[in-house]
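Below is one structure, written out as structure tokens; the observations come after it.
A short reminder: the numbers here are calculations on the coordinates, not readings from a lab. If you're wondering where the values come from, they're calculated on a predicted model, not measured in any experiment. Note that each Cβ is placed from the backbone with ideal geometry, even for glycine, and that neighbours are counted across all protein chains shown.
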Amino acid sequence: MSEPDAPARPRRPRHRLPEDVLRLQQALLPTTVPLLPRADLAAAYLPAADPANVGGDWFDAASLPDGRLVLSVGEVIGGGLESVATMGQIRAVLSARLHEGGSLLESIRTVEALAARHPAAFATTLCVASLNLATGVLAYATRGHPAPVVIGRTGARLLPATGDGPLGTRTRDRSASTRLSPEDLVLLFTDGMLRGIDDRPALALERVRSAAGTLGADRSGSPVVRLCEELPTELGSPADDSIVLGMQYRAAPAALDLEFHADVERLAGVRAAVDDWAEDIGLASDDRRRVLLGVSELVANAVEHAYAGQRPGPVRVHAELTEDASVLATVADDGRWREPTRHPGDRGRGLSMSAALGLRVEIEARDDGTLATVESPARRPLRLLSGEATPTEDPGAGTRLTIVTSDRVTVKAVGPLSARHRAAQLEAEVRRVARNGLVPVDVDLREATSLSGTGVAAIEALLGPDGPGDVRIIADSSSAVGDMLALAGTPFAGEPARRGGRRSAAPEVRSRQPAPELSLEPTHPRGLPYRDGGG
């Protein structure tokens with residue numbers, strides 16, 4: 001009798017993969033931003049409307065031991081698990097170097113070295129900014145990424161990019177700086193914010209600047225929270241991931257100081273005052289409850305025990321937001337310390353509960369009274385946004401490649417260069433006709449209608465040291481493709497596109513033979529078929 005067949009191992013549906021990518025992305029991103037006396041921060045993440053495009057965007061915000069506040073955003077080209085894993089490595093390396101005391105440019109050089117060893121990190125874009133909280137000087141550097149937007153009382157301005165290309169391409173180690181005024185808002189964002197807004201990145205950047213200025217004009221409540229939560233949905237849900245990181249340079253909020261008679265009836269009023277103060281400084285609801293619990297327990301102990309057997313005296317409460325992103329609260333009295341009983345029953349568990357919630361509690365018994373201290377992290381959670389999908393370019397729209405030969409071979413692309421396989425096809429075709437660097441090639445993008453980050457990465461690979469030699473990129477500087485190349489810092493010859501069937505004043509390329517139009521069934525450089533994929 002034959003053995004029964006083993007039950008088949010259930011296969012995981014492929015449609016679950018984007019959900020796994022999103023979960024990994026959220027697990028690798030910071031869950032909070034720090035709250036500092038002179039910097040109010042907030043962050044929001046809006047996943048791509050198409051789950052297949054999720055992955056690769058990151059942000060970070062950290063108060064460093066040397067007093068700097070460092071903000072960073074970036075994007076690994078592509079999407080999926082590899083992009084998310086690479087994003088996690090780049091963010092970790094950058095953060096570690098900054099915490100070691102590395103300057104802005106030294107830290108970027110460290111991730112540049114990572115990109116040289118890690119092919120998936122090639123053409124990653126990023127913007128890193130460092131704020132001197134004492135002087136208000138904001139230094140920043142961009143690598144193929146939009147520069148920060150600064151929103152003041154009189155409007156918003158987009159800072160100029162520092163001009164260096166994405167990781168693994170050209171760099172001159174350039175940075176720039178500006179001085180912030182009190183109450184200025186600073187906005188960093190990933191370039192997913194530019195997708196699905198306008199055809200041209202330059203127009204999309206202007207819309208981001210204008211919308212940020214409008215939202216930032218309302219200074220009631222916490223304007224940085226409102227800016228991060230409302231800006232992505234104000235511009236429409238993007239086809240790509242979007243991260244918004246905001247900071248308001250501010251005067252330090254006033255500390256809380258209370259002094260009252262040790263009377264049980266005063267406890268409710270003290271709790272209300274502590275809770276209001278914690279909310280005013282921007283503390284997240286969970287952290288606010290923890291601080292309230294810790295301070296309430298210390299105050300209750302002082303009221304009940306400090307003056308037992310004698311005339312009740314004063315209790316003093318002080319709370320402040322510290323430079324290392326924590327709330328430090330003290331409760332002091334002039335009474336006498338009493339050692340806790342060994343068997344308190346159901347009482348006396350408040351301090352242990354406070355410690356279990358992550359609060360640091362210290363009690364100092366002195367001759368003239370008792371000083372109790374409670375400390376808790378001060379942070380604001382990352383806001384996860386959702387929105388309706390924005391119509392994007394027809395995914396079925398094809399790209400046509402045409403080869404024209406003369407002294408230089410011209411590879412002309414017509415149509416969208418947004419999908420990964422379209423960009424790979426263009427790169428493969430240029431490498432083929434270049435014959436290992438023997439033939440110079442012009443890549444004519446004047447009739448290409450769009451260019452994604454993967455398209456920029458393909459072009460950068462052609463222009464880099466491992467490219468096929470003499471390659472020149474031609475694009476219309478007033479087009480969406482020209483805007484995208486300029487944003488990335490990719491060198492190109494800016495020549496107008498042909499209009500109305502007539503050539504522009506740009507030099508005409510004469511063909512020695514008919515220009516064959518290639519079949520656009522995607523092919524791999526080794527002759528293998530491509531899998532049709534997202535952009």
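Couple of notes before you dig in:
- Rg to Rh quotient for the range 34-108, alpha carbon positions, Kirkwood Rh: 1.03
- Stretchable slack from residue 66 to residue 364, in nm (0.36 nm times residue separation minus alpha-carbon distance): 104.3 nm
- Most to least packed among 23-31, 408-416 [average Cβ atoms within 10 Å]: 408-416, 23-31
- Shape index of the range 439-485: Rg/Rh, with Rg the Cα radius of gyration and Rh the Kirkwood radius from the inverse mean 1/r over Cα pairs, equals 0.97.
- For the pair residue 23 and residue 158 in one chain, pulling the backbone fully straight at 0.36 nm per residue adds 45.3 nm over the alpha carbon distance.
- Couplings 3J(HN,Hα) of the range 66-79, computed from phi: 7, x, 7, 9, 10, 10, 8, 9, x, 8, 7, 5, x, x Hz, in residue order, whole Hz [Karplus 6.51 cos²θ - 1.76 cosθ + 1.60, θ = phi - 60°; x for Gly and Pro].
- Sequentially through the range 245-261, phi angles give Karplus couplings (6.51, -1.76, 1.60; θ = phi - 60°) of 10, x, 8, 10, 7, 9, 6, 4, x, 5, 6, 9, 10, 10, 9, 8, 6 Hz, Gly and Pro residues having no value and appearing as x.
- At 0.692 mPa s and 37 °C, Stokes D of the range 83-165 from Kirkwood alpha-carbon radius, µm² per second: 236 µm²/s
- ³J(HN,Hα) computed for each position of the range 154-169 - Karplus, 6.51 cos²θ - 1.76 cosθ + 1.60, integer Hz, glycine/proline x: 9, x, 10, 9, 8, 5, x, 5, 7, x, 7, x, x, 4, x, 10
- Amide hydrogen neighbours beyond the local backbone of residue 384, cut-off 5 Å, H modeled: 45
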